[in-house]
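To start, the structure under review is shown below, and the notes come after it.
The values are calculated or read from the model by the stated rules, or taken from the named source; none is laboratory data. The structure presented is a predicted model; accordingly, all values stated were derived computationally and were not measured. In this analysis, Cβ positions are derived from the backbone assuming ideal geometry, glycine residues included, and neighbour counts consider all displayed protein chains.
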């Protein structure tokens with residue numbers, strides 16, 4: 001953009017402009033309707049829009065937000081008959097594509113606030129709201145604060161294909177948030193916690209503009225690694241399952257290519273103090289044993305009840321851990337056939353994505369997740385609290 005704007009004047013906002021032809025009419029006024037012929041082009045010089053082929057100028061009320069900010073500011077510099085060239089920065093143009101919100105918001109009705117975590121940006125330039133924990137007014141949506149946990153992360157699905165035309169220059173690293181933030185109140189302090197695909201666990205002060213209270217590295221992180229679909233917390237501790245799944249694409253004569261899992265990496269269960277981030281316990285994954293194309297990664301969301309925290313793994317096991325010491329107190333292997341109550345043939349497989357739902361001492365969970373090389377399945381399992 002600097003090369004394009006050589007010799008141009010610059011406004012305080014960053015708009016670059018250069019007079020090509022001087023007119024003699026009235027100066028453009030905010031709130032008044034103006035009529036403008038234009039041609040818009042990208043940095044490459046490719047024209048993306050023009051009023052000239054249509055032989056009809058665009059009309060809009062100046063300064064009313066009916067066009068991009070760069071237009072409102074630039075046209076206000078002109079008078080009737082002027083011809084100018086503008087170089088408009090993205091924040092005064094169509095702006096960055098922004099970042100998505102992958103998970104449900106967390107509400108604080110007492111304060112009238114909601115919290116969300118954000119994904120990475122979909123296009124250049126990266127924004128300040130991607131890979132972030134965000135607070136906003138519950139009624140108006142007005143931003144209260146943004147705590148960005150990783151800057152410059154821009155990525156979309158085009159980055160994974162052969163044609164990378166629509167892939168941002170950053171090309172990742174795609175280490176965004178895929179789960180909701182968790183709100184806990186310790187000694188009157190509102191703490192918002194969030195686990196990131198980077199493998200980082202964050203705690204911020206909701207009452208102090210989202211200032212970091214503590215951060216802990218739980219794992220290595222990665223595209224489908226780190227803290228994937230979400231931790232769980234009770235009043236004092238947060239429980240984190242680690243993905244860090246190892247997978248690679250290999251050629252397959254039958255289907256062309258497939259995902260092959262690494263049984264030696266990934267997985268583990270961790271507990272940290274909500275107040276200060278101190279690690280309370282860590283339990284390594286039991287491992288895959290002799291199961292083929294298996295991963296011990298624990299990507300699925302975690303669920304907790306008093307005394308027990310549940311975590312499913314890609315290896316097909318649903319396990320319960322004691323909240324005090326992290327010992328495995330229950331282990332169910334779902335990779336098998338099941339006789340179902342509706343007489344539909346069913347088998348279990350990997351656990352990934354959502355965690356179990358627990359109501360009145362009964363655990364409800366699906367089993368089967370074939371993406372990224374996991375074991376597919378099609379069964380809903382229901383357990384009483386004692387595992388029967």
Number of the exception - residue 105 against (1) buried (at least 17 other Cβ atoms within 10 Å of the Cβ); (2) modelled with pLDDT of 95 or more; (3) within 21 Å of the chain's Cα centre (by Cα): (1)
Close pairs (7 angstrom Cβ cut-off, 6 or more residues apart or separate chains): assigned by TED's automatic domain parsing to the domain that holds residue 81 in segment 36-51, in a loop (DSSP other than H, G, I, E, B) and loosely packed, with under 10 Cβ neighbours inside 10 Å anywhere: 48/42
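For (1) touching a helix residue (DSSP H, G or I) at 6+ places or on another chain (Cβ under 9 Å); (2) under 18 Å from residue 245 (Cβ atoms); (3) crowded, with 17+ Cβ neighbours inside 10 Å, each residue gets a yes or a no:
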| residue | (1), (2), (3) |
| --- | --- |
| 271 | no, no, yes |
| 295 | yes, yes, yes |
| 340 | no, no, no |
| 344 | no, no, no |
| 356 | no, no, yes |
Any chance residue 168 is touching a helix residue (DSSP H, G or I) at 6+ places or on another chain (Cβ under 9 Å), assigned to a loop (DSSP other than H, G, I, E, B), in contact (Cβ under 8 Å) with a residue 12 or more places away in the chain and closer than 30 Å to residue 30 by Cβ: no
Selection within segment 254-269 - more than 13 Å from residue 297 (Cα to Cα) and touching a strand residue (DSSP E or B) at 6+ places or on another chain (Cβ under 9 Å): 257, 258, 259, 260
Count of residues meeting criterion [farther than 14 Å from residue 38 by Cα and either part of a loop (DSSP other than H, G, I, E, B) or touching a residue at least 40 places away in the same chain (Cβ under 8 Å) (or both)] in segment 81-102: 13
Count of segment 108-131 residues which are surrounded by fewer than 22 Cβ atoms within 10 Å (Cβ to Cβ), within 13 Å of the chain's Cα centre (by Cα), closer than 18 Å to residue 209 by Cβ and in contact (Cβ under 8 Å) with a residue 40 or more places away in the chain: 1
Failed criterion for residue 7 (all others in (1) assigned to a loop (DSSP other than H, G, I, E, B); (2) closer than 27 Å to residue 125 by Cα; (3) under 40 Å from the mean Cα position of the chain (by Cα) hold): (3)
Residue identified as touching a residue at least 12 places away in the same chain (Cβ under 8 Å) and crowded, with 22+ Cβ neighbours inside 10 Å among 193, 183, 150: 193
Condition met for residue 299 (buried (at least 23 other Cβ atoms within 10 Å of the Cβ) and more than 24 Å from the chain's Cα centre (by Cα)): no
Leading residue by the ranking (farthest from residue 233 (Cα to Cα)) among those in segment 253-304 that are outside any loop (DSSP other than H, G, I, E, B) and without any contact (Cβ under 8 Å) to a residue 40 or more places away in the chain: 256
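Each row is one residue, and each column tells you yes or no for (1) within 23 Å of residue 197 (Cα to Cα); (2) crowded, with 17+ Cβ neighbours inside 10 Å.
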{"position": "82", "(1), (2)": "no, yes"}
{"position": "88", "(1), (2)": "no, yes"}
{"position": "95", "(1), (2)": "no, no"}
{"position": "99", "(1), (2)": "yes, yes"}
Residue 28 vs. criteria in contact with a helix residue (DSSP H, G or I) (Cβ under 6 Å, 6 or more places away or on another chain) and touching a residue at least 40 places away in the same chain (Cβ under 8 Å): yes
Qualifying residues in segment 152-165 (those that are over 18 Å from residue 221 (Cβ atoms) and in a helix (DSSP H, G or I)) - the one nearest to the chain's Cα centre (by Cα): 157
Residue that is nearest to residue 76 (Cα to Cα), among those in segment 25-38 that are in a strand (DSSP E or B) and at pLDDT 95 or above: 34
The listed residue being part of a loop (DSSP other than H, G, I, E, B), crowded, with 16+ Cβ neighbours inside 10 Å and on the phi > 0 side of the Ramachandran plot, out of 63, 45: 63
